[in-house]
Amino acid sequence: MNPFYRFVWLTYRFWFTVYHRYRVCNAERVPTTGPALLACNHASFYDPPLIGSSLPREIGYLGRESLFKNRLINWGLRNLNVIPVDRDGGGAAGLKRVLDTLAQGRAVVLFPEGTRTRDGHLQPVRAGIGLAVLKTDAPVLPMRVFGTYESWNRQHRLPRPWQIVVKYGHPLDFDALRAEAKTCSKTRLKAIYQQIANEIMAAIAALQPCVDKAEFP
């Protein structure tokens, strides 16, 4: 880790441990080196630093291009591996930056729902992640965060001391769909985007907290 990333990583690990009694489950399923695409639900501003602090390696995140206008903030975001994308995160330039990051052997976290939930429930998935999966051979891992909505959602001005949990699933196999996508029609290709996105979201939904109910509110 670069020094700034490690400093932020250690700070968040301490904060999440002390204030939120956070637990990380099955992080060993994420490769310690090489490219990886992490697909996670999105419930809070907490989600990116929580995911980052749960792994012993640097990962890349997506951030709106408008955040990079300030020179100091630009420096900080780039040292935290934040990838500038347009507001919707679905533009061609943003996708290319994600793919370039994966090609450099790095891990990237994407949120298939596109935006934070407003009610704590999983939202409909967007097909864009299907395109990203087809454009790379990187392993795809579903993951889910629990408790971040209850701790710090859109209605909270400050985070509450709610326990939070990060759970990693097993890598998903998209080899057959990747192969089919190389020769299929455009109509079928769009269907494959959505099929991949649906399978990823179903895998996220199937993950459950790895703590006792007595521990987890």
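FYI, it's all coordinate maths here, none of it is from the lab. Computed from a predicted structure; not experimentally measured. We place every Cβ from the backbone using ideal geometry, glycine too, and count neighbours over all the protein chains shown.
Helix 92-103 versus the longest principal axis of the chain: what is the Cα-based angle in degrees, 0 to 90, to the nearest 10? Approximately 80 degrees, to the nearest 10. Within the chain, the cysteines lacking any other cysteine Cβ closer than 4.7 Å to their own Cβ are 40, 184. Fully extending the segment from residue 211 to residue 15 would add 68.6 nm, taking 0.36 nm per residue of separation and subtracting the current Cα-Cα distance.
Springs join every pair of Cα atoms under 10 Å in this Gaussian network model of the chain, and among 191, 179, 127 the largest mean-square fluctuation is at 179. Exposure proxy for 184, 25: other Cβ atoms within 10 Å of each Cβ, ordered fewest to most, give 184, 25. Among 54, 93, 104, whose Cα sits farthest toward the positive end of the charge dipole of the range 27-206 (+1 at Cβ of Lys/Arg, -1 at Cβ of Asp/Glu, about the Cα centre)? Of the listed residues, the answer is 93. Against the chain, whose longest principal axis is taken from its Cα atoms, helix 3-20 shows a tilt of about 60°.
Cβ-to-Cβ counts within 10 Å put 99, 37 in ascending order as 99, 37, the fewest first.
The relative contact order of the chain, computed from alpha carbon pairs under 8 Å that lie at least 6 residues apart in sequence, is 27 percent.
Of the residues 79, 170, 142, the one whose Cα sits farthest towards the positive end of the charge dipole of the chain is 79 (charges of +1 on Lys and Arg Cβ, -1 on Asp and Glu Cβ, taken about the Cα centre). Across the range 27-206, Cα-Cα pairs more than 21 Å apart make up 49 percent of the total. Think of each Lys and Arg Cβ as +1 and each Asp and Glu Cβ as -1; about the Cα centre, that makes the dipole of the chain roughly 560 debye. Applying 0.36 nm per residue to the separation of residue 104 and residue 178 and subtracting their alpha-carbon distance, the gain on full extension is 24.6 nm. Take the alpha carbon atoms of the range 92-111, find their center, do the same for the range 134-179, and report the distance between the two centers in whole angstrom. Measuring centre to centre over Cα atoms gives 17 Å. Computed from the C-beta positions of residue 78 and residue 154, the FRET efficiency with R₀ = 25 Å rounds to 0.40. Among the lysines of the range 27-206, pairs that are 8 or more positions apart or on different chains and have alpha carbons within less than 20 Å of each other number 7.
Under 5 Å between amide hydrogens, built in the peptide plane, is the criterion, and for residue 82 it picks out 61 among residues at least 5 positions away or on other chains.
For the chain, the longest principal axis of the Cα atoms and the long axis of helix 186-206 meet at an angle of about 30 degrees.
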